[in-house]
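Scroll down for the structure; my scribbles are underneath it.
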Amino acid sequence: MAANQSFQELFRFQEPQQRQALRDSREGEQCPSCLAAVKPGADICESCGEWLLPGKCNFCYAEYKRDQKFCGNCGNPPGGIACKNCGAHSHFDFCPKCNEPLSRKAAPSLQALLDSPEVQMLKDIKQAARAPETSAKTTPADQLNQLNAYLKNDHQASAKTPANRFNFTGDNKDFSKDLEASQQSMQKILEENKTVDDTLLKMKIKELQKKAFSDNQAARLYYTSIKIMLPQLDACKSFLGWKCNYANFIHYAGPSDCACPSMGGHWVCKDDVKWVGANSFIYDGLTYTEGNEPKGIYHD
């Protein structure tokens, strides 16, 4: 990361009160490639993915000449980059197919997010949730195994032997049911605590995603970094898609499929939706069906 680039500058954040109305309405315009209607403020066509700002760098929007190999502002190939991992040509900082960092800014921005105080706080919450769970799950199980072994094989063992950790007197009383009940009770408490911890973690993750951006590419850079970061917290096993604030659509390929992601949004995990049919689900109190966004439902 360049020494003069702060976390704020890398992602080109804006405070919500600084957000201005879309300057380029583009009302009535059509995509030159597929002739689909162009959304206000769009830099790509949601129907075919065409870049809609010819002569402007795909990564920083600076003007460039037709034969220019590298942008004079950001140093990237202004017309896009071929992914070395999967071969797809992309005009995004991360490859939308395999999340491979493409632009010069991608890897430093991801690292800046991982090192940010906000993400460190999420890691602390996750670590605090894991610590008691590991300890409590291990201790009762070990005790139960030791007691069962004693009752089965060591009835004649002396109460003073090192193997007798429970100071038994030699009676053949069956303590296994008591310990099982205790273990079940402790497991219930753990599950309740885990629910509270998961709720707190999800709330903080949503807060982390409540951002406004100066442009669409800054938003895509940030939210793709979020997607790469979340599995490290075990916070999302599988992503359903990215819900944009612009139209409340869920884009199943992520913000790279959204024409106006600068207004923000958040990732939706499959575990957070309730399926009510083959192509319908409920999320945040709303029912979504196939066609809720331009390209319909796609699963990863």
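Of the residues Lys237, Lys227, the one with the fewest other Cβ atoms within 10 Å heads the list, and the complete ranking is Lys237, Lys227.
Electrostatic tally near His266: other residues with Cβ closer than 9 Å to its Cβ, Lys and Arg +1, Asp and Glu -1, net +3.
Can you work out the FRET efficiency for the pair Arg26 and Ser280, with r the C-beta to C-beta distance and R0 = 22 Å, to the nearest 0.05? Calculated transfer efficiency: 0.10. Based on the alpha-carbon gyration tensor of the range 43-97 and its eigenvalue square roots a ≥ b ≥ c, which shape applies: rounded if a/c is under 1.5, prolate if not and a/b is larger than b/c, or oblate? Oblate, because a/c is 1.5 or more while a/b does not exceed b/c.
Bear in mind that the values in this text are calculations on the coordinates, not laboratory data. These figures come from a predicted structure and were not determined experimentally. As a convention, Cβ positions derive from the backbone with ideal geometry for all residues, glycine included, and neighbour counts pool all protein chains shown.
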